[in-house]
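Accompanying notes for the structure given below.
Just so you know, all these numbers are worked out from the coordinates, no wet-lab data involved. All values derive from a computational prediction rather than experimental measurement. Because the Cβ atoms are built from the backbone with ideal geometry, glycine has one as well, and the counts that use them run over all protein chains shown.
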Amino acid sequence: MKSRRLLALVAVVGASLAVVFAAYGKSGAVPGPIPAFSDQELTTSAGDNWPTYNGDAWNQRHSTLDLITTSNVAKLKIAWRKKLVIPGLKLKPGAFGLLSEQTPVSYNGVLYMPDANNRIWAFNAASGERLWVHVPKVVKGYDRATAGISALPNRAVTIGDNKVFFGDGDGTISALNAQTGRIVWKKVMGNWKNAEFFSSPPLYYDGLLITGQSGGDGGAACKVLGINAKTGKLMWSFNVIPLKPSDPGYNTWPRHKAYAGGGAMWNQPVIDTKTGTVYIGTGNPIPYSGLKRGPGQELFTESILALNAKTGKYRWHYQTTHHDIWDYDVTNPLILFDLKIKGKLRKAVVHAGKNGFVYLLDRNTGKPILGAPEKKVEQDKAQSTWATQPFPVGDNFARQCADPKVFKGVKGANGIPMKVGCLYDVYSDKRTTVLYPTALGGANWPPSAYSPQTGYMYICSKDAPFYLQSVKEQDQVLQARGNFGQLEGGPLKGFDVKPIGRIVAMNMRNNRIVWQHQWPGSICYSGMLSTAGNLIFVGRGEGYLEAYNAKTGQKVWRSSKLDGGANAAPMTYMANGSQYVSVYAGGNGLLGGSNQSFKNDPGVSLYTFKLPKQ
């Protein structure tokens, strides 16, 4: 039958790829329909299915499945492994190498996911059999291998109303038929040449897709978009960087701006369906250094932003770093939960910051639940720094000061003086400053998890320094085009400080560390999964998946060596009566090398584990 054969490749025109359809494999299995999820389905913790990137619309990354527990997890074995390879079509590393950061979603026995080139795959969840694969045909002139920052791949797809939705580096949003992988609609929602692209999955809610552009570091003035999920019609947009006087926040920028870029959105929004409020984390302003930006708080960069989900109208904001010059974006996915704090049930939105702080806010008002006093920080008039920064009550989960003993006698780039500093210390064109945490975090994009069972938030973090020095004024335009090398004045010659990875459990009742587990010489750059089996799963860049006791932090299992670094967030689901745990292992070019693969194998494999049959 035709449905059991691989259909021919459509012709490839220029640098753009055509659409490839795979038939339904040896079994002839066809994916079943996907509903237009109800509010309850979206906000209930994941169980048999994992229907969103972070498990549910509250981004908790917690599963109610408990067949795998601390007592039997040591028996976990690979159930199947699927290489995400299409004969004749090789993966093309972008400007940062391969970024294999993708997580599947699952519904009724089918997994859907992108790969490091944003090709969309559907698999039988029990066997790993490929059901179909879609290769996007990009807009004219776009080439992932040369597109720079816009070549960053999407980290997941979104499912709903029998469609599979995804954004792309060429500035488009697409909807596929969930059964066939064929295009239902495709719309241009941004100009990739202006860094208006998408690298995070949209949020599906009540017939809407809500997403944001990711090109702030490339100089784009980013927007949040509300899109009709059936037709692809743009219903509303919100300017994160206010461009006209009627935009909220316009008066927080200098009147005459050299550039008006930034505010990237690097992760899926989160929604409170009862109030119809959507929450978005936003990125830094551009240029990175403040030499030409002028004074101002620069809203709504570095903010937790609350909007009306149906209209895009502003409700409230909380800015985590004012007038940022350190690249401390709000990149970690926001999480919603309800929890008794100091005897009172609180409706919270929480964020684990790059700077090592957890921001615990009332999601109706945006006010800190435990407090976050503004404290004076070091100033630099040339960079128009803000006088104070918020310091949340509780523990910092990542190191925030460099050790003067470690850096004794070390000079900055080009031999200029160097200050051994702490969080929010300034730098200049005449002084290099060494700071903790690095611009990669603390907590970066790898998603945190929250367990309603323990009330703990589980964070994938790191301790690592970075070295900052202002660039010359004529180089500011390079920063506005996403040239990251223009900001950092290091690493320092002949000096190397090994990073320390951390997985940290924070009690959300008091924002204090309960336990932490350190990885000397290796950072945590994957993401967390919490399950009702009292387990936390996390990937390692060295090519392992590990499990920890959620209450104590004791390591209870490590997988066999995988073919690539496990730098994607794991997920779990049920199929044929068994609980499975899946993780994508293909490495991450940001961590060194083109893809951090092993054994001369290109890696890029989806690994799925389960317990042996009893």
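Structure above, values below:
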| quantity | calculated |
| --- | --- |
| Electrostatic dipole magnitude of the chain [Cβ: Lys, Arg +1; Asp, Glu -1; Cα centre; debye, to 20] | 680 debye |
| Cysteines, the chain, no other Cys beta-carbon under 4.7 Å | Cys222 |
| Distance in nm between pseudo-label sites at Asn191 and Val393 (7 Å out along the Cβ direction from Cα) | 4.9 nm |
| Violating pairs (Cα-Cα greater than 25 angstrom) within the set Lys310/Lys344; Lys561/Lys613; Lys561/Lys610 | Lys310/Lys344 |
| Other-chain or far-sequence residues with amide H under 5 Å of Ser63's (modelled H) | Ser530, Thr531, Ala532 |
| Kirkwood-type radius of segment 125-196, with distances r between different C-alpha atoms, in Å | 13.3 Å |
| Most positive-pole-ward Cα, Gly212, Ile304, Thr52, against dipole of the chain from beta carbon charges | Thr52 |
| The chain: relative contact order as a whole-number percent, Cα under 8 Å and 6+ apart | 14 percent |
| Helix-only [θ]222 nm of the chain, DSSP H runs n ≥ 4, -39500 (n - 2.57) each, per residue, nearest 500 | -500 deg cm²/dmol |
| Whole-number D in µm² s⁻¹ for segment 62-152, Kirkwood Cα-pair radius fed into Stokes-Einstein, 10 °C, 1.306 mPa s | 102 µm²/s |
| Global form of the chain, assessed from the alpha-carbon gyration tensor, a/c cut-off 1.5 | rounded |
| Peptide ranges 323-333, 444-454 listed from the most packed, as the mean C-beta count within 10 angstrom indicates | 323-333, 444-454 |
| Candidate lysines - alpha carbon under 18 Å from Lys244, same-chain residues fewer than 8 apart omitted | Lys223, Lys257, Lys313 |
| Residues whose placed amide H lies under 5 Å from that of Trp236, excluding near-sequence neighbours | Gly226 |
| Per-pair calculated FRET efficiency, R0 = 45 Å: Ala145 and Lys77 via Cβ, rounded to 0.05 | 0.75 |
| For segment 153-275, Kirkwood radius (reciprocal of mean inverse C-alpha pair distance, Å) | 15.0 Å |
| Rounded if a/c under 1.5, otherwise prolate or oblate - segment 48-205, Cα gyration tensor axes | prolate |
| Nonlocal amide H pairs with Asp463, under 5 Å, H built at 1.01 Å | Ile500, Gly501, Arg502 |
| Size descriptor, Kirkwood hydrodynamic radius, that averages inverse alpha-carbon separations across segment 518-566, Å | 11.1 Å |
| Reduced Cα scattering model of segment 305-389, Debye log10 I(q)/I(0), q = 0.14 Å⁻¹ | -0.58 |
